[in-house]
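Okay, structure first, notes after.
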Amino acid sequence: MRKAIAPIVAVIVVGAGLATFFALRKLPEPVTSTYFLMDTVLTIKTTGGDAAAINEHLHALASNVDSMTSYYNPESETVRVNGAAGKGPVSVSPEYAALLKTAVAVETIDHGRTFDIAISPVSSLWGFMTKDFRVPAAKEISDTLAYSHSDQLVLSDTTVQLRDSQARIDLGGVAKGYSLDVMEEYLKTVKPQPRQVIVDFGGNLLLYSGGRKRDWKIGIRDPRGQGIIGYVRSGDAFVATSGDYERYFERDGKRYCHIIDPSTGYPGTLNQSVTVITDIQPMHGAIGDALGKVFFCSTAETQRLLFQAAQGQGTVGIVIVDAAGTRSTLGPITFVPAAAQ
Amino acid sequence: MKRSDRITAVVILTAVVLVVVSWIVMHRTRGTVAFVYVDGKVVATVDLTLREPQTLPITGMLGPLVVAADGKGSIRVVESTCPDQICVHTVPARSPGDQIICVPNRMVIIIEGKGTNIDALTQ
């Protein structure tokens, strides 16, 4: 009798000891920091490593990107380029030139029909730069569209030129995603490595665990209601959502969102939200950010046609909510819809 | 009952108690908590599991705001001095990951807790 019980008792005791050890072992508490940048919130949640210092450094990196790309900061490279429009080439940093090239490379997958960094004069007409919103006359839009295209842009490795004196570029469509690229480059080099870092930059995400975590659950906001429409399961990734619900105004019961369709000069109306998930490779944060606008301004048919090209630029998958509220996905991703309310 | 049997019983009982205690510790939830940040600092924490409505005056970078928890798990901004009133029109926050943002006041409300199974929210 006693002999039979002894091993069982031993197993129970060892098991209980292990369970107690793992439960009471002090897990590092995440450190959450919030910052205001690029007219939005940057939230960083770091677990493990020198978390508070990591958060501060990541914020400083994002601030650098803002200083370089800002449409408003008189010291930024964007303001220098725009200020010299129609006058001649402006010398820019190699980093800035590389970012412009990346943005233009995304434009070319759809010949600039759905994303264009030179559309900003049209955005200004609608009041999205100053928040004095108005619906411009059709003639104003077509006149402005004539010079609001990236064919105004002459790029070299060290210089940028805008041909027309009225042309303007705005990197607001890639700056948040690019900030995540810069942050990820830094995180790879940090010692000791944090266990995990979640960066939320105005709804664009960087999920970092040094490749250890394979089961991130990325919630996707319901573009019309409260809560989420579901979640995507993913490894480390960049996530960018373009939606018509973040910045918009309404006139006569019609919604005008801040994402201007470069082919028409009017706010995109084909979709409510598009979420692009890209893998962790250099510039894929910026590319995902830009691709969000490409797919936001595309019909379902164009989305299917463009997806292969988007995969070539690092896209893992896309979650789409179209204008009617219908949800669909592109690519080999696991989308788990939220339980019906 | 032999003495050794009694010892065995005590050992097993102790082990069971240990497992139960550690399970409780491991699954102890803090509930759902709203953290109100102004300019990067936590200025208020609100336990959203409390059944009583609460009203909190907050000093933003631009001016005063009023934040209210309804006692049913939601929190929202009811008054703000900001020009666009985006924070006031944001849907009430209730689930971990939800945010309410007021850029002019540099205020953000973040919900944290273990009531959700998502790691991050994209929007």
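Miscellaneous remarks
- If R0 equals 30 Å, the separation of the Cβ atoms of A:Thr189 and A:Lys131 corresponds to a calculated FRET efficiency of about 0.15.
- Cα→Cβ-extended label distance, 7 Å offset, between A:Ala53 and B:Met61, nm: 2.7 nm
- The residues A:Leu291, A:Leu145, when put in order of fewest to most other Cβ atoms within 10 Å, stand as A:Leu145, A:Leu291.
- Gyration tensor (alpha-carbon) shape descriptor, the stretch A:144-272, a/c threshold 1.5: oblate
- Cα principal axis extents for the stretch A:42-200, largest first, Å: 57, 35, 32
- Each of A:His57, A:His111, A:His258, A:His284 was scored by other Cβ atoms within 10 Å of its Cβ. Arranged with the fewest first, they read A:His111, A:His57, A:His258, A:His284.
- Sorting A:Arg247, A:Arg233 by the number of Cβ atoms found within 10 Å of their own Cβ, with the fewest placed first, yields A:Arg233, A:Arg247.
- Angle of helix A:175-189 to the longest C-alpha principal axis of chain A, folded into 0 to 90 degrees and rounded to 10: 40°.
- The alpha carbon radius of gyration of the stretch A:208-253, expressed as a multiple of 2.2 N^0.38 Å, is 1.57.
- Relative to one another, the C-alpha centroids of the stretch A:37-106 and the stretch A:205-253 are positioned 22 Å apart.
- Shape call, the stretch A:14-71: gyration tensor on alpha carbons, a/c limit 1.5: prolate
- Summed residue charge, Cβ within 12 Å of A:Thr299's Cβ, Lys/Arg positive, Asp/Glu negative: -2
- Other residues with beta-carbon under 13 Å from the beta-carbon of A:Thr334 carry, at +1 per Lys or Arg and -1 per Asp or Glu, a net charge of +2.
- Helical contribution to [θ] at 222 nm, DSSP H n ≥ 4, -39,500 (n - 2.57), averaged over chain A, rounded to 500: -11000 deg cm²/dmol
- C-alpha long axis of helix B:3-26 to longest principal axis of chain B, angle in °: 10 degrees
- Restricting the stretch A:73-160 to chymotrypsin sites (Phe, Trp or Tyr not before Pro) in coil, as DSSP defines it, with at most 15 other Cβ within 10 Å: A:Phe133
- Nearby lysines by direct alpha-carbon distance to A:Lys45 (threshold 29 angstrom, same-chain neighbours under 8 apart not counted): A:Lys26, A:Lys176, A:Lys188, A:Lys191, A:Lys213, A:Lys217, A:Lys293, B:Lys41, B:Lys72, B:Lys114
- Applying 0.36 nm per residue to the separation of A:Glu250 and A:Leu18 and subtracting their alpha-carbon distance, the gain on full extension is 77.6 nm.
- Within-13-Å neighbourhood charge of A:Ala51 [Cβ basis; K, R +1; D, E -1]: -1
- Judged by the gyration tensor of its Cα atoms, with axes a ≥ b ≥ c, chain B is prolate; a/c meets the 1.5 cut and a/b is the larger of a/b and b/c.
- For the protein assembly as shown, the Kirkwood hydrodynamic radius from C-alpha pairs, put into Stokes-Einstein at 25 °C and a viscosity of 0.890 mPa s, yields a diffusion coefficient of 101 µm² per second.
Coordinate-derived values only; no laboratory data. Just so it is clear, the structure is predicted and the values come from calculations on it, not from any experiment. Ideal geometry is used to build each Cβ from the backbone, glycine not excepted, and the neighbour counts take in all protein chains shown.
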